[in-house]
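Have a look at the structure below before the remarks.
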Amino acid sequence: MMEQARIGLVDCNNFYVSCERVFRPDLIGKPVMLLSNNDGCVVARSQEVKDLGIKMGVPLFQVQQLVNQHQIQLFSSNYTLYADMSARVMSLLEEFTPRMEVYSIDEAFLDLTAVYPCYQDPIAYGQRIRKAIARQTGIPVCVGMGPTKTLAKLANFAAKKWKQTGGVLDLSDPIRREKLMKIVPVDEVWGIGRQTTKRLNQLGIQTVWDLAIQPPKTIQAQFNVVVARTVMELNGTASLDLEDVAADKQQIVCSRSFSRKLTELEELSRALSEYCTRAAEKLRRQQSVTCCVSVFIRTNPFAVQEPQYQRAATVKLDAATQDTRVIIRVALSSLKAIYKPGFGYQKCGVQLSAIRPAVSPSQFDLFDLSCEGMPPDNTALMQTLDTINRRFPKAVTIASSGFDKSWKPKAERISQRYTTDWRELVVVR
Amino acid sequence: MPMTESLPFSILNAAQPLPPIRDGLAWFHLAKSEKTLRLPLFISKVAAGFPSPADDYVEKTLDLEELLIQKPAATFFVRAQGDSMLGAGIHPNDILVVDRSREPMPDKIVICAVNGELTVKRLIVADGQWRLKAENPAYPDIPLTEDLETVFWGTVTNVIHPV
């Protein structure tokens, strides 16, 4: 008989907040909250903030009173720092497994099936991982284990929720599994969203256990194959594979809120050009081309007393491209079409979709006039651009991005880039 | 190029370029993918003026990261402030290389969070008690008693001191 797989899920606790606390140990145990790009909304919360009932994504002004009352420490998001700390965590995790999938900035699946010390004593191995990460990076993590990814996720959830687990839980044992599943609500299962939960509840399926005992065939008929697979995974049958390499993105979105309201088309064009540049860079980095460019603009939906407007426009390209100039040209003409004067715009963005791998230079449609006047898709030029910009960040830009960057998001409470800038190191006395 | 000056500051990726113009020359930082500064080691003297036949004898490149850092993922740089560690050769504004993967050992210079503040001191055991000792007689020892909240942060492995 084949050995049962053992998948580990390592997930950092309150990752962004933990990153800040590594360099600000005085904030350990105090309420800490991180704000989105424009210091507008809550994007991460320490446990102390969660306990106060502050929800993810709420605008700061709505909870300002709680912030003052409990002296919640606020930070702007410092993605440079988080990316560096994430890379450290992931690189250390590689020492524990021959095979792993980085699932997000703060979590990774580890294939521990053939790892001898884990086979001997999974809990001790999990503790070793936990201690190594905490000690060497300062980031606390929890480890969940099980024969499938879904069970590893569930184990991790329980390890986080219940202190008695010591931050490590193994769900390989079916009896222990059943016990846990009977007390966990079904919406905690990986991949079960809000809509599915609603419908499951209507069918009387409340706990994870209720879902696990359903016949996968019935579930597939009533829901879809994804939910059916989840049921199989909950029963220990692996139906989701470990992906060694993260899949290329099928959609690339670049959008930001502005630091101040933009009213002029020209200003919006400059911002949008920059987002297009970034999106195109991402596209080329994964060696893909796009056939579809969407643009959106909107006013601030929370400024209820002000006139509201939002529009989006999508252009389907006849020839796939990875050329920044083409993408900017298309995006700017869309922007012109949807722009209306008289509004204070708070956000705009570009989305590239219909993405596929770049093969040999794509050919323009001979009879298509929409390409007329477009610069030819110049792969070599774009490669040169990327090479220069990788070496000397933002050295070469498309002129439509402009030089006045006063619309850039504010990040007034950003912490130092402790790990990537010599001038911003933490000070010790 | 003012090589001596730039040397200690190129061993890790610096996301922000330093002032761009020096001596009329553009002065850039290496991109992330080329984060180490490599200098070839020649086994013979190099004469100026014509290509050296010794070029064929290049042995290896010297890598400061290799010298200073054993575990990159667990290594952090911090900046020292104050004069409490002068006796250990740590001057105000020096950069310390801190390895978090090393166990706290007596007589090592360590970084600790004491009541939430990061401090650099020598960790010692005296009369059966752990203490943080300053390397400057002007500062008293800090006995690590129960009422002090002390968290070990890392072990200092090197000091980068400009001369």
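None of the figures in this text is laboratory data; all of them are computed from the coordinates on show. Since the structure is predicted, the reported quantities are computational estimates derived from the model, not experimental observations. Ideal geometry is used to build each Cβ from the backbone, glycine not excepted, and the neighbour counts take in all protein chains shown.
Note on segment A:101-129: among residues that are within 19 Å of the chain's Cα centre (by Cα) and in a loop (DSSP other than H, G, I, E, B), the one that is surrounded by the fewest Cβ atoms within 10 Å (Cβ to Cβ) is A:ILE105. Working carefully through the options A:LEU317, A:LEU332, find the one that is surrounded by 15 or more Cβ atoms within 10 Å (Cβ to Cβ) and not in a strand (DSSP E or B). Selected residue: A:LEU332, the only one of A:LEU317, A:LEU332 that is surrounded by 15 or more Cβ atoms within 10 Å (Cβ to Cβ) and not in a strand (DSSP E or B). Every test in (1) within 9 Å of another protein chain (Cβ to nearest Cβ); (2) exposed (fewer than 15 other Cβ atoms within 10 Å of the Cβ); (3) within 28 Å of A:SER91 (Cα to Cα) is passed by B:LYS108 save one, and that test is (1).
Within segment A:83-100, the set of residues being out of contact with any Leu (no Cβ under 8 Å at 6 or more places or on another chain), touching a residue at least 40 places away in the same chain (Cβ under 8 Å) and surrounded by fewer than 21 Cβ atoms within 10 Å (Cβ to Cβ) comprises A:ASP84 only. Taken across segment B:53-64, residues that are within 11 Å of chain A (Cβ to nearest Cβ), surrounded by 15 or more Cβ atoms within 10 Å (Cβ to Cβ) and of a type outside the set (S, T, N, Q) do not occur at all. Of all residues being within 11 Å of another protein chain (Cβ to nearest Cβ), more than 18 Å from B:LEU86 (Cβ to Cβ) and part of a loop (DSSP other than H, G, I, E, B) in segment B:111-163, which is nearest to the chain's Cα centre (by Cα)? Just the residue, please. Across segment B:111-163, the extreme among qualifying residues is B:GLY116. Out of the residues in segment A:147-186 meeting the condition of being polar (S, T, N, Q) and touching a residue at least 24 places away in the same chain (Cβ under 8 Å), tell me which one is surrounded by the fewest Cβ atoms within 10 Å (Cβ to Cβ). Once the filter is applied, the top-ranked residue is A:SER172.
Look through segment A:397-429, keep the residues that are of a type in the set (Lys, Arg) and part of a loop (DSSP other than H, G, I, E, B), and return whichever of them is surrounded by the fewest Cβ atoms within 10 Å (Cβ to Cβ).
Residues of segment A:397-429 of a type in the set (Lys, Arg): A:405, A:408, A:410, A:413, A:417, A:423, A:429.
In the following step, the residues that additionally are part of a loop (DSSP other than H, G, I, E, B) were identified as A:405, A:408, A:410, A:413, A:417, A:429.
Working: A:LYS405: 11, A:LYS408: 15, A:LYS410: 15, A:ARG413: 14, A:ARG417: 19, A:ARG429: 16.
Once the filter is applied, the top-ranked residue is A:LYS405.
Among the listed residues A:VAL225, A:VAL189, A:VAL208, which satisfies the condition of being without any contact (Cβ under 8 Å) to a residue 24 or more places away in the chain, more than 24 Å from A:TYR119 (Cβ to Cβ) and of a type in the set (A, V, I, L, M, F, W, C)?
A:VAL225
Every listed requirement among (1) within 25 Å of A:SER46 (Cα to Cα); (2) touching a helix residue (DSSP H, G or I) at 6+ places or on another chain (Cβ under 9 Å) is met by A:ARG177 save one, (1). One residue stands out in segment A:14-33 among those that are more than 18 Å from A:THR420 (Cβ to Cβ) and aliphatic (A, V, I, L, M): the one that is surrounded by the fewest Cβ atoms within 10 Å (Cβ to Cβ), namely A:ILE28. On the basis of being polar (S, T, N, Q), crowded, with 20+ Cβ neighbours inside 10 Å, more than 14 Å from every other protein chain (Cβ to nearest Cβ) and closer than 30 Å to A:ARG260 by Cβ, does A:SER36 make the cut? So A:SER36 fails the test. Just one of the listed residues (A:GLU274, A:GLU233) is under 30 Å from A:PRO174 (Cβ atoms) and crowded, with 19+ Cβ neighbours inside 10 Å, namely A:GLU233.
For segment B:70-105, the candidate set comprises residues that are of a type outside the set (D, E, K, R), buried (at least 19 other Cβ atoms within 10 Å of the Cβ) and part of a loop (DSSP other than H, G, I, E, B); within that set, the residue that is nearest to the other protein chains (Cβ to nearest Cβ) is B:SER84. Residues satisfying the criterion are absent from segment A:308-321 (criterion: in contact with a helix residue (DSSP H, G or I) (Cβ under 8 Å, 6 or more places away or on another chain), under 26 Å from A:GLY40 (Cβ atoms), touching a residue at least 40 places away in the same chain (Cβ under 8 Å) and hydrophobic (A, V, I, L, M, F, W, C)).
Within segment A:49-61, track down each residue that is crowded, with 17+ Cβ neighbours inside 10 Å and in contact with a Lys or Arg (Cβ under 8 Å, 6 or more places away or on another chain). Result: A:ILE54, single match. Here segment A:386-414 is the region considered, the condition is being within 14 Å of chain B (Cβ to nearest Cβ), touching a residue at least 12 places away in the same chain (Cβ under 8 Å) and not charged (D, E, K, R), and the residue that is nearest to B:VAL114 (Cα to Cα) is A:ILE414. Of the helices (runs of 4 or more DSSP H) lying entirely inside segment A:33-100, those containing at least 2 residues that are within 18 Å of the chain's Cα centre (by Cα) span A:79-93.
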